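The structure appears below as structure tokens.
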Number of protein chains: 2
Amino acid sequence: MNQTIVELLQRHELRKTAMRGEVLKIFLEAGKQAITHPELEQRLPDADRITLYRTLKAFEDKGLIHQVVDSGNATKYALCNDACTEHRHHDEHAHFHCNDCGKTICLDSITTSTIQVPRGFKVQQTHLVLEGTCNNCEN
Amino acid sequence: MNQTIVELLQRHELRKTAMRGEVLKIFLEAGKQAITHPELEQRLPDADRITLYRTLKAFEDKGLIHQVVDSGNATKYALCNDACTEHRHHDEHAHFHCNDCGKTICLDSITTSTIQVPRGFKVQQTHLVLEGTCNNCEN
DNA sequence: TAGACAAATGCAACAATATTGCAAGTTAAA
DNA sequence: TTTAACTTGCAATATTGTTGCATTTGTCTA
């Protein structure tokens with residue numbers, strides 16, 4: 001298990017287990033791209049499905065990854081930025097969902113911090129999903 | 001089946017059946033609020049669950065309703081505006097998801113038409129989801 | 001570094017959500 | 001009114017997510 005992974009787990013108060021190491025490795029390799037649960041199952045054929053659910057839940061609870069809201073049915077997860085903690089997620093950036101390749105990518109440059117809502121509404125979190133064709137599929 | 005419902009079905013090339021009439025009636029009554037599949041099952045206890053799936057699919061295909069992207073697991077649907085057709089959905093407005101009452105409300109006043117994406121990306125549709133407490137739950 | 005305690009894992013069972021095929025019933029149009 | 005296409009309801013099955021419990025593993029302390 002490499003140094004980055006050990007550090008990330010420690011910083012988020014997560015015990016370092018084989019499973020968590022492997023899952024986190026996949027997230028790090030994916031970078032800005034969100035990953036679905038089925039995708040993880042495929043890439044870790046020996047992993048127990050239930051443990052995977054719990055691993056993702058633990059990562060989310062500790063602010064290491066966040067669920068990505070998008071069209072498409074499968075639940076997606078992506079690495080959080082450093083501002084996320086156990087107590088609160090701060091992912092105000094947009095997600096781009098490509099209808100061709102199905103990939104979902106975080107677009108850090110686009111944020112939703114300045115949106116005005118009607119009286120009486122209190123916003124805790126925002127999700128901006130853009131759907132279309134990504135730079136890879138666009139030819 | 002009232003006139004509005006018949007007209008809406010005809011305009012979207014959908015045959016008028018009892019089931020479709022009842023489902024559409026619920027959507028019209030709900031107005032700007034999105035409806036989940038389980039909610040529909042509750043309000044139509046005699047309806048066949050599978051038929052309900054297919055009814056919603058048909059409505060979506062013909063541009064009468066659209067799936068609402070939001071956090072929370074249950075799939076939600078809401079009436080499209082008039083610009084939606086069989087060929088393309090145009091729902092550029094924001095959806096507000098209340099974490100207290102669980103309701104999702106369309107906020108027509110907030111749009112996402114002016115967002116700039118990186119080179120090579122083509123946006124076909126946008127979804128802006130705001131999560132928090134709605135004006136009804138906020139006291 | 002050994003032991004104790006808490007946390008994580010793997011399995012079984014189950015619940016909820018969604019899809020497909022097919023026979024029978026219904027709608028719309030000639 | 002008859003036909004052809006569409007819609008419905010049922011059965012079967014697939015997918016996705018949850019809970020309980022015994023066993024194993026990681027971490028902390030002595």
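The values are calculated or read from the model by the stated rules, or taken from the named source; none is laboratory data. A quick note: this is a predicted structure, and the numbers were derived from the prediction, not measured. Because the Cβ atoms are built from the backbone with ideal geometry, glycine has one as well, and the counts that use them run over all protein chains shown. What goes into the accessible areas is simple: the full protein's heavy atoms, side chains included, and nothing from ligands, DNA or RNA. Shrake-Rupley method; radii C 1.70, N 1.55, O 1.52, S 1.80 Å.
Look through B:ALA94, B:ALA83 and report the one residue that is more than 21 Å from A:THR111 (Cβ to Cβ), at pLDDT below 85, more than 16 Å from DNA strand C (Cβ to nearest atom) and among the aliphatic types (A, V, I, L, M).
B:ALA83
Which residues, taken from the range B:93-114, are part of a loop (DSSP other than H, G, I, E, B) and closer than 16 Å to B:GLY72 by Cα?
B:ASN99, B:ASP100, B:CYS101, B:GLY102, B:LYS103
For the range A:59-74, which residues satisfy the criterion of being more than 8 Å from chain B (Cβ to nearest Cβ), over 10 Å from the mean Cα position of the chain (by Cα) and within 12 Å of DNA strand D (Cβ to nearest atom)?
Residues satisfying the conditions are A:GLY72, A:ALA74.
How many residues does the range B:118-127 hold that are assigned to a loop (DSSP other than H, G, I, E, B) and buried (at least 22 other Cβ atoms within 10 Å of the Cβ)?
Start the filter on the range B:118-127 by keeping residues that are assigned to a loop (DSSP other than H, G, I, E, B), which leaves B:118-121.
Subsequent filtering for residues that are buried (at least 22 other Cβ atoms within 10 Å of the Cβ) retains none.
Number satisfying all stated conditions: 0.
Out of the range A:102-122, which residues are more than 9 Å from chain B (Cβ to nearest Cβ) and at pLDDT below 80?
Answer for the range A:102-122, where residues must be more than 9 Å from chain B (Cβ to nearest Cβ) and at pLDDT below 80: A:GLY102, A:ASP108, A:THR111, A:SER113, A:THR114.
Could you please let me know if B:ILE50 is within 14 Å of DNA strand C (Cβ to nearest atom) and farther than 23 Å from B:CYS134 by Cα?
Yes: the conditions hold for B:ILE50.
Taking the residues in the range B:128-139 that are more than 7 Å from chain A (Cβ to nearest Cβ) and within 10 Å of B:CYS98 (Cα to Cα) as candidates, determine which candidate is most open to solvent (accessible area, probe 1.4 Å).
Filtering the range B:128-139 for residues that are more than 7 Å from chain A (Cβ to nearest Cβ) and within 10 Å of B:CYS98 (Cα to Cα), the one most open to solvent (accessible area, probe 1.4 Å) comes out as B:ASN136.
Evaluate the following for B:GLN125: is it at the interface with chain A (Cβ under 7 Å from one of its Cβ atoms) and modelled with pLDDT of 80 or more?
Yes, satisfied.
Listed here are the residues, each with its yes/no results for (1) more than 29 Å from A:LEU130 (Cα to Cα); (2) aliphatic (A, V, I, L, M); (3) outside any helix (DSSP H, G or I).
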| site | (1), (2), (3) |
| --- | --- |
| B:GLU7 | yes, no, no |
| B:MET19 | yes, yes, no |
| B:LEU24 | no, yes, no |
| B:LEU28 | no, yes, no |
| B:GLU41 | yes, no, no |
| B:ASP46 | yes, no, yes |
| B:ARG54 | no, no, no |
| B:ASP70 | no, no, yes |
| B:ASN81 | no, no, yes |
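Given the structure, is B:GLU13 more than 10 Å from DNA strand C (Cβ to nearest atom) and of a type in the set (D, E, K, R)?
The answer is no for B:GLU13.
Being away from DNA strand D (no atom under 14 Å from the Cβ) and not aliphatic (A, V, I, L, M) is the filter here, so list the residues in the range B:12-34 that pass it.
Hits for the range B:12-34 are B:PHE27, B:GLU29, B:GLY31, B:LYS32, B:GLN33.
For the range A:28-48, name all the residues that are surrounded by 11 or more Cβ atoms within 10 Å (Cβ to Cβ) and more than 15 Å from the chain's Cα centre (by Cα).
Scanning the range A:28-48 gives A:GLU41, A:ARG43, A:LEU44, A:ALA47, A:ASP48.
Give me the pairs: first residue in the range A:1-21 and more than 13 Å from A:PHE59 (Cα to Cα), second residue among the small types (Gly, Ala, Ser) and near DNA strand C (Cβ under 9 Å from one of its atoms), beta-carbon distance under 7 Å, and six or more apart or on different chains, which are they?
Pairs that qualify, where the first residue is more than 13 Å from A:PHE59 (Cα to Cα) and the partner is among the small types (Gly, Ala, Ser) and near DNA strand C (Cβ under 9 Å from one of its atoms), are A:MET1/A:GLY21.
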